[in-house]
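Visitor: Before I ask anything, let me first share the structure, which is written out below as structure tokens.
The values are calculated or read from the model by the stated rules, or taken from the named source; none is laboratory data. Quick caveat, the model's predicted, so the values are computed rather than measured. No Cβ is skipped: glycine too gets one built from the backbone with ideal geometry, and neighbour counts run over all protein chains shown.
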Amino acid sequence: MRRSMKLFSAAVLGAILGLESAVLPYSTVLASQPTTYRAFEVGPGLDNLSAADEMADYQWALKNNGRIRRTQKYLNIDSLDSIYVHRDENGAVDQVALPPIGPGNFATSSTDAVAGIDINIQPAWKQYDALEQKREIIVAVIDTGIDITHPDLKDAIWVNSDEIAGDGIDNDGNGYVDDVNGWNFFDNNNSVYTGSDDNHGTHGAGTIAATRGNGGIAGISDNTYVKIMPIKALGTSEGKGDTQAVLDAIHYAQANGASICNLSFGSTHSDETIAKAIKDSKMLFVVAAGNGDANSVGYDIDKNAVFPASLPYDNVLTVANLMFDGNLDESSNFGVQSVDLAAPGVYILSTCADGKYAYMSGTSMAAPMVTGAAALLYSATPTATLSQVKNAILSSVHPLDTLSGKVLTGGMLDVDAALRALLGTK
Ligand code: CA
Ligand code: CA
């Protein structure tokens with residue numbers, strides 16, 4: 001019986017269980033290190049993904065052999081038990097006392113991983129690594145800032161070679177002084193990393209392009225060719241941003257050579273100027289579908305639109321969040337018109353601020369999976385258009401019954417199949 005859970009907000013429950021948590025755009029921080037999260041068991045359940053990246057064993061999204069189990073504790077208290085309820089003379093409840101909480105008040109449930117529920121990256125890497133011709137591509141991560149000195153990210157960060165650092169001059173004449181690695185539209189300066197407020201963007205960047213083979217985790221795309229342009233438009237640990245910052249960020253990305261934008265944020269309020277900027281752009285926008293309502297229950301964004309996820313434009317790819325058992329996460333939004341496909345987004349291990357690693361969950365983590373895949377695909381072909389890259393991803397999804405009627409393609413990201421579709425290889 002879980003009926004009493006409704007009496008507690010997620011934040012209160014988290015505090016009772018002693019978990020670290022924070023509210024972030026389309027994500028939840030679960031723990032600072034994989035081994036300190038007590039409420040579920042994970043890893044090392046995966047093997048031989050990327051031998052030189054010791055944390056890659058925990059990246060179930062990239063290779064899932066079914067050996068992970070999530071065990072969740074939840075409060076199991078009948079708070080309406082008569083001893084906790086005081087009634088007035090008319091029999092109406094006028095006071096409810098919180099019951100004491102002991103070990104007997106917790107129950108557990110578990111979810112087992114299913115082998116093969118992953119993005120099938122390993123054969124794609126093999127194919128990509130063997131290609132003779134690859135091209136460079138810039139991916140804008142419009143988000144919080146990014147820890148650009150993180151050991152797993154420092155080689156992945158875009159460098160504006162036309163700008164001279166620290167001379168106080170806008171050398172390239174793009175309107176921004178000393179924008180050597182991007183721009184901070186939240187604070188209106190050139191600091192694309194400000195500290196722990198920047199976990200969210202740092203996490204997405206790691207999924208897209210963390211260095212493979214140098215310790216830590218493995219990123220999806222190869223940062224020899226794929227560079228991340230950090231554009232800070234969200235600030236504070238709540239990840240709030242404003243319309244103008246996002247709008248300026250999109251324009252900056254476009255003007256400075258980005259081809260793909262990762263947008264792991266959104267709002268229930270539409271904004272015409274942002275919609276127009278996306279519609280008029282040549283870039284491909286990979287967008288998180290959103291993490292449900294105030295109770296973190298996912299809903300149909302065809303009926304109740306979320307922006308920019310619900311925008312109907314050809315250059316928008318919207319991504320739902322898949323759990324490692326092949327079900328959409330309970331919190332993930334969906335929509336057979338608005339949401340294109342699903343990708344792993346629960347217990348995703350990636351880079352965080354201050355050179356750290358952390359698990360985070362949400363559609364914010366699912367979108368960068370598709371962004372990383374799109375970047376790898378674009379880099380793999382000298383001539384493919386972004387539209388062809390998008391179509392290759394959509395036409396080659398791994399179909400799942402659980403996604404039928406929930407997302408346009410009825411499937412999850414399959415990078416190897418997409419690469420084969422794009423290259424015409426078998
Ligand atoms: Ca400049
Ligand atoms: Ca690494």
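Visitor: Does Tyr225 qualify as being over 19 Å from the mean Cα position of the chain (by Cα), on the phi < 0 side of the Ramachandran plot and buried (at least 17 other Cβ atoms within 10 Å of the Cβ)?
Guide: yes
Visitor: Only residues that are of a type outside the set (S, T, N, Q) and surrounded by 10 or more Cβ atoms within 10 Å (Cβ to Cβ): list them for region 89-107, please.
Guide: Val93, Asp94, Val96, Ala97, Leu98, Pro99, Ile101, Phe106, Ala107, listed by residue number.
Visitor: Continuing with the same structure: List every residue pair whose Cβ atoms lie under 6 Å apart, where the two residues are 6 or more positions apart in sequence or sit on different chains, the first residue falls within region 172-184 and is farther than 20 Å from Gly145 by Cα, and the second residue, located anywhere, is more than 16 Å from ligand 2 (Cβ to nearest atom).
Guide: Asp172/Asp162; Asp172/Glu163
Visitor: Could I ask something else about it? Scanning region 144-176 for residues that are part of a loop (DSSP other than H, G, I, E, B) and among the hydrophobic types (A, V, I, L, M, F, W, C), which turns out farthest from the chain's Cα centre (by Cα)? Even if it seems obvious, please write down each step before you answer.
Guide: Of the residues in region 144-176, the ones part of a loop (DSSP other than H, G, I, E, B) are 144-153, 158-176.
With the extra rule that they be among the hydrophobic types (A, V, I, L, M, F, W, C), the set shrinks to 146, 148, 153, 158-159, 164-165, 169.
Details: Ile146: 14, Ile148: 18, Leu153: 16, Trp158: 20, Val159: 24, Ile164: 32, Ala165: 31, Ile169: 35 Å.
Step by step, filter region 144-176, then rank; the result is Ile169.
Visitor: May I ask you to list pairs of residues, at least six apart or on different chains, whose Cβ atoms are under 9 Å apart, with the first in region 89-112 being closer than 26 Å to Ile68 by Cα and the second being among the acidic types (Asp, Glu) and at pLDDT 85 or above?
Guide: Hits for this filter: Thr111/Asp325; Asp112/Asp325.
Visitor: Of all residues being more than 22 Å from Val287 (Cβ to Cβ), more than 16 Å from ligand 2 (Cβ to nearest atom) and among the polar types (S, T, N, Q) in region 183-217, which is surrounded by the fewest Cβ atoms within 10 Å (Cβ to Cβ)? Just the residue, please.
Guide: The selected residue is Asn188.
Visitor: Would you be able to tell me the number of residues in region 186-203 that are within 16 Å of ligand 1 (Cβ to nearest atom) and either assigned to a loop (DSSP other than H, G, I, E, B) or under 17 Å from Val415 (Cβ atoms) (or both)?
Guide: Residues meeting the conditions: 4.
Visitor: Can you run down the residue pairs with Cβ atoms below 8 Å, 6 or more apart or on separate chains, where the first is in region 149-167 and at pLDDT 95 or above and more than 14 Å from ligand 2 (Cβ to nearest atom) and the partner is among the β-branched types (Val, Ile, Thr) and outside any loop (DSSP other than H, G, I, E, B)?
Guide: Ile157/Ile228; Trp158/Ile138; Trp158/Ile228
Visitor: Of the residues that make up region 108-118, is at least one crowded, with 22+ Cβ neighbours inside 10 Å and not in a loop (DSSP other than H, G, I, E, B)?
Guide: no
Visitor: Here's a follow-up. Take region 267-293 and flag every residue that is part of a loop (DSSP other than H, G, I, E, B), farther than 23 Å from Gly204 by Cα and at pLDDT below 95.
Guide: We begin by selecting, within region 267-293, every residue part of a loop (DSSP other than H, G, I, E, B); these are 268-271, 280-283, 289-293.
Then keep just the ones that are farther than 23 Å from Gly204 by Cα; that gives 269-271, 280.
Once the filter is applied, which keeps residues that are part of a loop (DSSP other than H, G, I, E, B), farther than 23 Å from Gly204 by Cα and at pLDDT below 95, region 267-293 yields His269, Ser270, Asp271.
Visitor: Also, quick follow-up: Within the set of pairs 6 or more residues apart or between chains, which connect a residue that is over 13 Å from Val370 (Cα atoms) and part of a strand (DSSP E or B) inside region 204-232 to a residue that is within 16 Å of ligand 1 (Cβ to nearest atom) and hydroxyl-bearing (Ser, Thr, Tyr) with Cβ atoms less than 7 Å apart?
Guide: From region 204-232, the pairs are Ile231/Tyr252.
Visitor: Taking Val226 as meeting all but one of (1) within 16 Å of ligand 2 (Cβ to nearest atom); (2) in contact with a Pro (Cβ under 9 Å, 6 or more places away or on another chain); (3) within 25 Å of Pro308 (Cα to Cα), write down the number of the exception.
Guide: For Val226, the failing item is (2).
Visitor: Between Val180, Val141, which is under 28 Å from the mean Cα position of the chain (by Cα) and either of a type in the set (Lys, Arg) or buried (at least 23 other Cβ atoms within 10 Å of the Cβ) (or both)?
Guide: Answer to the check: Val141.
Visitor: Exactly one of (1) more than 18 Å from Pro368 (Cα to Cα); (2) surrounded by 16 or more Cβ atoms within 10 Å (Cβ to Cβ); (3) of a type in the set (Ser, Thr, Tyr); (4) in contact (Cβ under 8 Å) with a residue 60 or more places away in the chain is unmet by Ser264. Its number?
Guide: (1)
Visitor: Kindly provide the set of residues from region 100-135 that are within 23 Å of the chain's Cα centre (by Cα) and charged (D, E, K, R), ordered by number.
Guide: If the condition is that a residue be within 23 Å of the chain's Cα centre (by Cα) and charged (D, E, K, R), then Asp112, Asp118 are the ones that fit.
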